[in-house]
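The values are calculated or read from the model by the stated rules, or taken from the named source; none is laboratory data. No experiment lies behind these values; they were computed from the predicted model shown. Here the Cβ positions follow ideal geometry from the backbone for every residue, glycine too, while neighbour counts run over all protein chains shown. Only protein heavy atoms, including side chains, enter the accessible area calculation; ligands, DNA and RNA are left aside. Shrake-Rupley method; radii C 1.70, N 1.55, O 1.52, S 1.80 Å.
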Amino acid sequence: MESALSAADRLAALQAAFDALGEPAAIISADGAIVAVNCAWIQASVANGEWEEGACTGRPYALACQVADGPGPERQIEVGAALGDVLGGMAPSLDLTYAARSSLGETPWLLQIRRLPGEAPGALAVHRRQGEAAAPTGVDQRDDIFDDMADRAPVLIWV
């Protein structure tokens, strides 16, 4: 016997799946604003001293990159242009490596942005730590999970 989930339960299930990524991720609207983030994004914001309740959503993704330890100024123009191409449907995705700088040195990251399919345009952005601190699953498996989530997200988010 199947149980029909309420919209709130479906949204909670989606947030739990989003949090399970374990890497900072954000859903970006068609106009470039952050509409949702996962737990890892919030943890990174707290660690960077940038967290204020509700500060992660509603602001432009490009601004979030400027204030975080994300792609430096030399890469932000590239990210902004590529994000515009992805959101505008001119490119399906963006993969960009960058080094986050901190007092502990540089950490290599991979930024992956994928356009969300369907009627609700937008994109999913995930920042993946590279090197020895990468998740224990294989890269191919993680890419499959990422692509599967990107394919399914609009159905679950905009119910």
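Tabulated values for the structure
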quantity: Candidates Leu94, Leu116, filtered to the one that is touching a Gly at 6+ places or on another chain (Cβ under 8 Å) and modelled with pLDDT of 70 or more; calculated: Leu116
quantity: Single residue of segment 1-34 satisfying the filter (of a type in the set (Ser, Thr, Tyr) and either in contact with a helix residue (DSSP H, G or I) (Cβ under 8 Å, 6 or more places away or on another chain) or open to solvent by 50 Å² or more (accessible area, probe 1.4 Å) (or both)) that is farthest from Cys65 (Cα to Cα); calculated: Ser3
quantity: Test: Glu52 is at pLDDT 90 or above, assigned to a loop (DSSP other than H, G, I, E, B) and either within 17 Å of Ile113 (Cα to Cα) or not small (Gly, Ala, Ser) (or both); calculated: no
quantity: In segment 35-47, the residues that are among the β-branched types (Val, Ile, Thr) and either open to solvent by less than 50 Å² (accessible area, probe 1.4 Å) or out of contact with any strand residue (DSSP E or B) (no Cβ under 8 Å at 6 or more places or on another chain) (or both); calculated: Val37, Ile42, Val46
quantity: Arg129 vs. criteria of a type outside the set (Val, Ile, Thr), within 15 Å of Asn38 (Cβ to Cβ) and either modelled with pLDDT under 65 or open to solvent by 30 Å² or more (accessible area, probe 1.4 Å) (or both); calculated: yes
